[in-house]
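The values are calculated or read from the model by the stated rules, or taken from the named source; none is laboratory data. Just so you know, these numbers come straight off a predicted model, no measurement behind them. Virtual Cβ from ideal backbone geometry, glycine too; neighbours counted across all protein chains shown. What goes into the accessible areas is simple: the full protein's heavy atoms, side chains included, and nothing from ligands, DNA or RNA. Shrake-Rupley method; radii C 1.70, N 1.55, O 1.52, S 1.80 Å.
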Amino acid sequence: MNVKQAIRKRRAYRSLEPVKITPELLKDLSECAQLSASCFNNQPWRFVFVYEPMMLNKMHEALSSGNEWAKKASMIIVVLSKKEYDCIIKDRIYYQFDTGMATANIILRATELNLVAHPIAGYSPKKVREILNISDDIDVIALVIVGKHSKTISSVLSDKQVEAEKNRPKRISLDKFTFFNEYRIK
Ligand SMILES: Cc1cc2nc3c(=O)[nH]c(=O)nc-3n(C[C@H](O)[C@H](O)[C@H](O)COP(=O)(O)O)c2cc1C
């Protein structure tokens, strides 16, 4: 699979079935994050791979109500970083940009390995902090829900989520977000 194929294949599926989380998979995904670009090579990202059943169960408490489907995850990757870990150039703050790029590497590699890796913002950072003993000065930026895509649509999904399972949510057209040689408000 080439990069464009992985980009096309990646979807935020919500119907999941279990997949075995092996040390090889953890190393593979970690290496893909490791090779990501970052400002001054600061590498501000931190990832907690939660896959032991007892810890995964605890993480369920942190999920928002619309994310019930994520309880079928075989692994939840907790994406962490901190402003001070990366470049701050006047009003430009880069830690979330760089951590997002590293996370995208993980997501695309997981996709290539035929896994679902679905980032979510619908969780309680406070609960995640309590469960994993993360201090307040570290940002809990996202969770990435990992599993295998199930063809059987999850019964906990809303109508809108069921629709998104079948068809990729619409994108804005290229002309709305691309500019050539000059920028104009569109
Ligand atoms: C930062 C971020 C937060 C998201 N939060 C949630 C979420 O809480 N629950 C959810 O079901 N999907 C969540 N998503 C997935 C998006 O809804 C999904 O990517 C979007 O609808 C496009 O669908 P596609 O990724 O399948 O193309 C999130 C995605 C991103 C990047």
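The table below gives the values:
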item: The stretch 1-109 - percent of accessible surface contributed by carbon and sulfur, probe 1.4 Å; result: 54 percent
item: Ranking by accessible area, most exposed first, for 93, 145 with a 1.4 Å probe; result: 93, 145
item: Distance histogram in 5 Å bins (all Cα pairs of the stretch 69-112, percent per bin); result: 5, 18, 21, 19, 15, 11, 6, 3, 1
item: Radius 15 Å from Cβ of residue 119, net charge of other residues (Lys, Arg +1; Asp, Glu -1); result: +3
item: Unpaired by the 4.7 Å Cβ criterion, cysteines found in the chain; result: 32
item: Sequence of 101, 1, 54 from largest to smallest accessible area, 1.4 Å probe; result: 54, 1, 101
item: Residue 6-residue 178 FRET efficiency (beta carbon distance; Förster radius 22 Å; 0.05 resolution); result: 0.55
item: Convex hull of the stretch 1-143 built on C-alpha atoms - directionally averaged projected area, nm²; result: 9.0 nm²
item: Under 28 Å from residue 20, Cα to Cα: lysines that are on another chain or at least 8 residues apart; result: 4, 9, 58, 71, 72, 127, 148, 151, 166
item: Residue-normalised accessible area of the chain, expressed per residue, 1.4 Å probe, Å²; result: 62 Å²
item: Accessible carbon and sulfur surface of the stretch 122-173 relative to its total accessible area, %, 1.4 Å; result: 51 percent
item: Heavy atoms of residue 8: accessible area, 1.4 Å probe, square angstrom to 10; result: 150 Å²
item: Net charge contributed by nearby residues that have their C-beta within less than 11 Å of residue 72 (K/R +1, D/E -1); result: +1
item: Isotropically averaged projected area of the stretch 75-186, using the convex hull of Cα atoms (one quarter of hull area), nm²; result: 10.7 nm²
